[in-house]
Amino acid sequence: MSSTSALVGIGVVTVALLCRWAPILVTTSGPASPARSSADVMRIWADHDWSAGTTSLPISQESLLAKRVLSKSFDGLPPNLHVQDDTVPVALLRAHLNAGRHMRLRDMCPTAGACDLQGADPDHGLTPLHMAAMRDDRSSIAYLMALGADPDAIDRAGRQYRNLSFTNFVRNARRAAEERGSTCQLPEVNLAGLGRADLDRSWAEIRRLAHEGEPVAIRGLLGAYERSDVLDWDLDTFLTRHGHVPVNVGDVPYAQYFGLPIQSMPLSTYVASLAPGSASYVFAKDDGICRDALQILDRFARDALPPYFVSPAALGSDAVHFYLGNKGSGAPFHLHSDAVNLLAHGSKTWFVTPPPQSVYSRTPIGEFAANGTSGIESLRCEQNPGDAIYIPFDWGHAVLNNEDSTFGFAVELLNKRDSLHFLRPSSQLPAGQ
């Protein structure tokens, strides 16, 4: 099945679902007080997996399903998910998952009074309507409003449910980049050369953007702190210290999750074997290599991110990776927990999409970019040494290395709001969370 055919499949699922439940008939009689709390309702969409990712942080069911489809493990999946292409629209996967979520909602809330649809969680102000919007569950949005959910309810970030679809984000971000004369289409905050007062204002701006759920390009992050060996990185010194470290090498990160081949070898062997234009890429964990970067990224999280982000240091080294690759290598479109990427050497081009427009791919990014990213409406931004890029939970993104020996670090973050951490019983949370 091609990506275009897969998109047609979304319509099939949506039409089938609407026919299954249309017209929306709501019985207005019900118990005097709701039998199910708003938290009960919100848990319908709080189905992230906390054990199947490459770190201890959660990944969405959409991400899990994408890996299954791209590895061609179709057993038990409906025919419209038997996608033969190496790229799959996340909307197709989400439509399949939302069909089940919508049925659970109707079973739980068969009448207007059966569930509390107005109650907001005390920490973030999210309501069931916000939750359905976060998963782009349009049938459930319509059903919740038919049951009387308040469409004007706002969360602690001042967002109505409509704001969580990021419908106009790509267009507005491109217009903003043109107005400020920047080739980077992401929101940008420049830290270079700032004094303490201006730096505090810049941290506040990053915090505001992250609070609203937007990606951010942070220029000159390393220069805002004391001089670090991270910015003085060079390949020869790196190999002298760490050339013996064993790594898995593939054309995409964690290639084995997508049914693609990997090779295991020391870092020094990997570098010696690289041919010009090779897609081979290292994306790996190592405490010794990542120690200094983790300290920097932990300080950044405490300085610039909202208070519901857990300190990276509290999660330990499991959540941080280093990467190394030549020009033309990188990571294809994918999604995961909130993350910050810090570049030490080389340059990278980012392609970023809001959740409803995301795709998941196992096609090497060099090949993908050469074909014009197949018409995907993404925002582009070039990252230079010392810069960091923040990507929110489940925003699609791909990264292309523009120079040989491009090297840096990526840390995944626990965002207690967007990971829906607050809906999980404490007994189910890993240590440190």
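The values are calculated or read from the model by the stated rules, or taken from the named source; none is laboratory data. Keep in mind the model is a prediction, meaning the values are calculated, not measured. Counting neighbours? That spans all protein chains shown, and the Cβs are built from the backbone with ideal geometry, glycine included.
Among all positions in the range 95-102, there is no residue which is among the polar types (S, T, N, Q) and surrounded by fewer than 22 Cβ atoms within 10 Å (Cβ to Cβ).
Could you check, for the range 293-314, whether at least one of its residues is touching a helix residue (DSSP H, G or I) at 6+ places or on another chain (Cβ under 6 Å), over 19 Å from D229 (Cβ atoms), among the aliphatic types (A, V, I, L, M) and part of a helix (DSSP H, G or I)? There is at least one residue in the range 293-314 that is touching a helix residue (DSSP H, G or I) at 6+ places or on another chain (Cβ under 6 Å), over 19 Å from D229 (Cβ atoms), among the aliphatic types (A, V, I, L, M) and part of a helix (DSSP H, G or I). Just a yes or no: is a residue in the range 232-241 modelled with pLDDT under 90 and outside any helix (DSSP H, G or I)? Within the range 232-241, one or more residues are modelled with pLDDT under 90 and outside any helix (DSSP H, G or I). Select from the range 250-267 the residues that are touching a strand residue (DSSP E or B) at 6+ places or on another chain (Cβ under 9 Å) and more than 20 Å from L400 (Cβ to Cβ) and write down the one among them that is surrounded by the most Cβ atoms within 10 Å (Cβ to Cβ). My answer is L267.
Looking at D387, is it crowded, with 19+ Cβ neighbours inside 10 Å, on the phi > 0 side of the Ramachandran plot and assigned by the TED database to the domain that holds D292?
Working: crowded, with 19+ Cβ neighbours inside 10 Å: yes; on the phi > 0 side of the Ramachandran plot: no; assigned by the TED database to the domain that holds D292: yes.
Taking the combined requirement at face value, the residue does not satisfy it.
Of all residues in the range 27-63, those satisfying the criterion of being of a type in the set (S, T, Y), surrounded by fewer than 22 Cβ atoms within 10 Å (Cβ to Cβ) and either assigned to a loop (DSSP other than H, G, I, E, B) or modelled with pLDDT under 95 (or both) are T27, T28, S29, S33, S37, S51, T54, T55, S56. Among the residues here, A120 qualifies as among the small types (G, A, S), within 26 Å of the chain's Cα centre (by Cα) and modelled with pLDDT of 95 or more.
Could you say whether any residue in the range 336-349 is over 30 Å from D136 (Cβ atoms) and among the hydroxyl-bearing types (S, T, Y)? Looking through the range 336-349, at least one residue is over 30 Å from D136 (Cβ atoms) and among the hydroxyl-bearing types (S, T, Y). Scanning the range 258-276 for residues that are over 26 Å from L70 (Cα atoms) and of a type in the set (S, T, N, Q) yields S268, T269, S273. Within the range 64-82, residues that are assigned by the TED database to the domain that holds R94 have Cβ atoms under 7 Å from residues that are aliphatic (A, V, I, L, M) and not in a helix (DSSP H, G or I) in these pairs: L64/A52; A66/V88; V69/V83; V69/V88; L70/V88; H82/M1, counting only partners at least 6 apart in sequence or on another chain.
Scanning the range 256-271 for residues that are in contact with a helix residue (DSSP H, G or I) (Cβ under 7 Å, 6 or more places away or on another chain) and hydroxyl-bearing (S, T, Y) yields Y257, S268. Restricting S264, S278 to those that are in a loop (DSSP other than H, G, I, E, B), more than 26 Å from the chain's Cα centre (by Cα), small (G, A, S) and assigned by the TED database to the domain that holds S361 reduces the list to S278.
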